[in-house]
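As structure tokens, the structure follows; a few thoughts come after it.
The values are calculated or read from the model by the stated rules, or taken from the named source; none is laboratory data. What you see is a predicted model, and the numbers here were worked out from it, not measured in a lab. Note that each Cβ is placed from the backbone with ideal geometry, even for glycine, and that neighbours are counted across all protein chains shown. Protein only, heavy atoms only, side chains kept; ligands, DNA and RNA dropped before computing areas. Shrake-Rupley method; radii C 1.70, N 1.55, O 1.52, S 1.80 Å.
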Amino acid sequence: MTTTSQTTRAETVSLQPAAGAPARLWPHVAVVAAALALWLVSLRQIDVDHLGTVGLLSALPVTWWASLALLVGGLAFATAERGTRRRPAIGYLSGALLVLYATAPLTETVPRYTYAYKHIGVTQYITTHHTVDRSIDIYHRWPGFFSFSAWFDGVAGIASPLSYAAWSEFVVSALWAVLVFVLAREVTSSVRLAEIACGVFVISNWIGQSYYSPQALAYTLTLGMYILIYRYCLGPPNRLGLRLERLVGRLATVPVRTGSPSPHPLPPGVGNARAARRNRDRAAVLVLALHTVVVATHQLTPFLSLLIMALLTLAGYLRPLWLPAAAAVITLLYLLSNFGFVQDNYGVFSGLNPFTNASAALADVTQLSPGKTWVGRAALSLTLLIWLLGFAGLFRRLRQGQVRQGLCLGLFLVGPFLVLLGQSYGGEIRLRVFLFSLPWCCIAIGWLFTGRRPSRRYATYALAATSAFLVLLSVISSFGLEDVNHVRPAEVQASEWLYQNGTPGSVLMLSGPGFPSRLGADYEKFVGPNRVDVPDLTLAEGFRHQTFQPAPTSRDIDDVIEAMQVYSSHGYLVFSTTQYANNRSYGLFLNGGMARLEQGVARSPRFQLVYGNRDARIYELSDQPAAADGAPAASPLGQQVPDQKSQTAPVEQRPRDEPTDDRGRKADH
């Protein structure tokens, strides 16, 4: 965004090619080709089935790192190319997207993230039943994403999202990169700054919210709303905004330059003003329509947008005034229609202390492994560094005299932080604040590396060094969790078997987090907290951090049975490889306690192994003790359950992935 014609000319002239020296593409094409060749070679060397507590970091070969280094370094130098027609940065951005977001789907057979499978289950429910049931869970009360996905599957003739969900992260991340690039162009009209902002966004987005989920769709639509607002719905400030501009100008010790906060100033003339108002009103209607879809898709996202709209309206930048008012009415009415359900099951407010909300943890953080401690620190460092660089870039823009431009973008940047005044969002709120502030931070970071000072060469080297450090922290933060995010095909098969054959009204109990549950179209057949949520033993204080040495007692097994019978007298208890990976990294059971617990369950007459493969075992809790040694016991599923020793799963031996003495605290994810 520029506020004076002088600034606009300065930015435009800096992008013009020198006479007789057009940008040469072939060196950049060669570098991108070499990087992608190294990446393709590296894919054959990555083994995702034997990951330690640092996730995929220990499995990434040198060729993978070399590929990423060429692309990130090349991107920094490509943004310095003069000219606007041939921009080699596009090739580097595309390559970086492939390396960072396509590595997982190309090396893993099924979608990553066990929590993505509950979204698949909701979509399959709607596909099967052609309706939603608001009594089942919160997803049926915010069904926008699931209804769209079910419609898409029907139109495309796709039986299940399982066939494409693994690629959601790459496709959505690429779409976000395009939208951030367009947004940066709307803010500044500078191609080079837009490339820098897009590149920083791609390499710094470690949050992992582009997977198959409602928030991925909601964030995509929100970026579209931001583009429309910046293009059509911003105007000069009101009195409060002018006072704020003067205050900021004094703090930055610069004179305040006036002008439109949009880089698309309206030409003089009454006819142009009327046309602009028509375009503004049409854009506002479209923004409101997108916001309405977001309201029906995700619980938190519309409130983050409302906070930004509120700040812009208070300062007088946002036009027309009916837009934020209508958006607020729609959001609040939709919440009121679900208020009782949300209040009873989750709570509308978690507290008014922003520091408490920001520091809330997703889970127990007292026994993190050394590997996950390192990953958590990298994630925190990256988050704080992005915010620090973003505010530094914003301050530099203010020091250049662009107070109105900087202040308007600053309101977009700080708006998401206001949600900390009322919600912890189950420990995820700081992740959402980072994600929604990230595009604006990236644009502001671009101001650190553009302009007449420092020199272009100095800025290019500084950008390359900064990008290298950011992408290193980002890879550690995201791929460092792959041991608990990686889902095995055999675990998916076990989940599908369970939902096809399990007894309705039973409880599905997990031995710990890390199983792709709620996958079937009839996932509501099992009972749990909030009707269909899947409980796990580690949520209870009596089981967490237990060692069960030297072996589980009969009282320990009775405690397991009692925990299951809180929900139903009949149920299933699951142990799987990813659950053991969670236990190894987060210390849920200590010193081999999870393996000992499974051995005790396997020996108990109250449990029978009804399904087993190399990565998952399902034990059935019967209403009556199992039959004595001899003929296999009859299963309520209507089939004979083989003797446990005949199963392929290692039930009598310690599962191979279980360590004996790893400890640590839960990672920040």
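Work from the charge dipole of segment 112-173 (Cβ charges, +1 for Lys and Arg, -1 for Asp and Glu, about the Cα centre) and give the residue of S163, S135, Q124 farthest towards its positive end.
Final value for the positive-end residue is S135.
Taking 8 Å as the Cα distance limit and 6 or more residues as the minimum spacing, I'd like the relative contact order of segment 166-256 as a percentage.
Numbers: 64 pairs, mean separation 28.2, N = 91.
Once divided by the residue count of segment 166-256, the mean separation gives 31 percent.
Work out how much length E496 to A37 would gain on full extension: take 0.36 nm times their residue separation and subtract the Cα-Cα distance, in nm to one decimal.
Roughly 161.5 nm would be gained on extension.
May I ask you to evaluate 6.51 cos²θ - 1.76 cosθ + 1.60, the Karplus curve with θ = phi - 60°, for each residue of segment 598-612 and list the ³J(HN,Hα) values in order in whole Hz, giving x for glycine and proline?
With coefficients 6.51, -1.76 and 1.60, one gets 5, 4, x, 5, 5, 8, 5, x, 7, 10, 10, 6, 9, 8, x Hz.
Quick query: amide H of L609 versus all other amide H atoms, modeled in the peptide plane; which residues come in under 5 Å with a sequence gap of 5 or more or a different chain?
Long-range HN contacts for L609: E620.
Quick query: amide H of T547 versus all other amide H atoms, modeled in the peptide plane; which residues come in under 5 Å with a sequence gap of 5 or more or a different chain?
Amide H to amide H, under 5 Å and 5 or more residues apart or across chains, T547 pairs with L590.
Would you mind getting the accessible area per residue of segment 318-477, heavy atoms of the protein chains only, 1.4 Å probe, in Å²?
42 Å²
How large is ³J(HN,Hα), in whole Hz, for each residue of segment 170-179 in order, when computed from phi with the Karplus curve 6.51 cos²θ - 1.76 cosθ + 1.60 and θ = phi - 60°, using x for Gly and Pro?
Going residue by residue, I get 5, 5, 5, 5, 5, 5, 4, 4, 4, 5 Hz, with x marking Gly and Pro.
Which listed residue (S495, V507, L481) has the Cα farthest towards the positive end of the charge dipole for segment 477-527, taking +1 on Lys and Arg C-beta and -1 on Asp and Glu C-beta about the Cα centre?
It is V507, whose Cα lies furthest towards the positive end.
Let me know the charge dipole size of segment 515-599 about its Cα centre in debye, to the nearest 20, where only the beta-carbon of Lys, Arg (+1) and Asp, Glu (-1) is charged. If you can, show how the numbers build up before the last one.
Values: 7 positive and 10 negative charges, 44 e Å.
Around 200 debye, computed over segment 515-599.
Just to verify a number: what accessible area does V62 come out at with the full protein assembly present, 1.4 Å probe, Å² rounded to tens?
Counting only protein heavy atoms, V62 exposes about 120 Å² to solvent.
Given a 1.4 angstrom probe, what's the average accessible area per residue across segment 38-112, in square angstrom?
41 Å²
Quick check for you: with a 1.4 Å probe and neighbouring chains kept, what is the accessible area per residue of segment 154-254, in Å²?
That works out to 34 Å² per residue.
What is the dipole size for segment 459-574, taken about its Cα centre, with +1 at each Lys and Arg Cβ and -1 at each Asp and Glu Cβ, in debye to the nearest 20?
200 debye
Using r as the Cβ-Cβ distance of R456 and E562, and R0 as 56 Å, what FRET efficiency do you calculate, to the nearest 0.05?
After rounding to 0.05, the efficiency reads 0.20.
Under a 1.4 angstrom probe, counting protein chains only, how are S189, S369 ranked by accessible area, largest first? Could you put the intermediate results ahead of the total?
Details: S189 50, S369 0 Å².
From most exposed to least exposed: S189, S369.
Report the local net charge at S554: Lys and Arg +1, Asp and Glu -1, summed over other residues whose C-beta lies under 15 Å from its C-beta. Display every interim value, and only then the final one.
Numbers: positive: R555, R596, R603, R606; negative: D556, D558, D559, E562.
After counting each charged neighbour, the total is 0.
In square angstrom, rounded to the nearest 10, how much accessible surface does D47 have for a 1.4 Å probe?
70 Å²
Take every Cα-Cα distance within segment 458-542, group them into 10 Å bins from 0 onward, and report for each bin the whole-number percent of pairs it holds.
Going from the shortest bin to the longest, the percentages are 15, 32, 21, 13, 11, 7, 1.
Once neighbouring chains are kept in place and the probe is 1.4 Å, which whole percent of the accessible area of segment 357-429 is contributed by carbon and sulfur?
Heavy-atom surface of segment 357-429 belonging to carbon and sulfur, 1.4 Å probe: 71 percent.
If each Cα of segment 70-161 is one equal point scatterer, what is log10 of I(q)/I(0) from the Debye formula at q = 0.17, 0.22, 0.25 Å⁻¹?
-0.79, -1.01, -1.18
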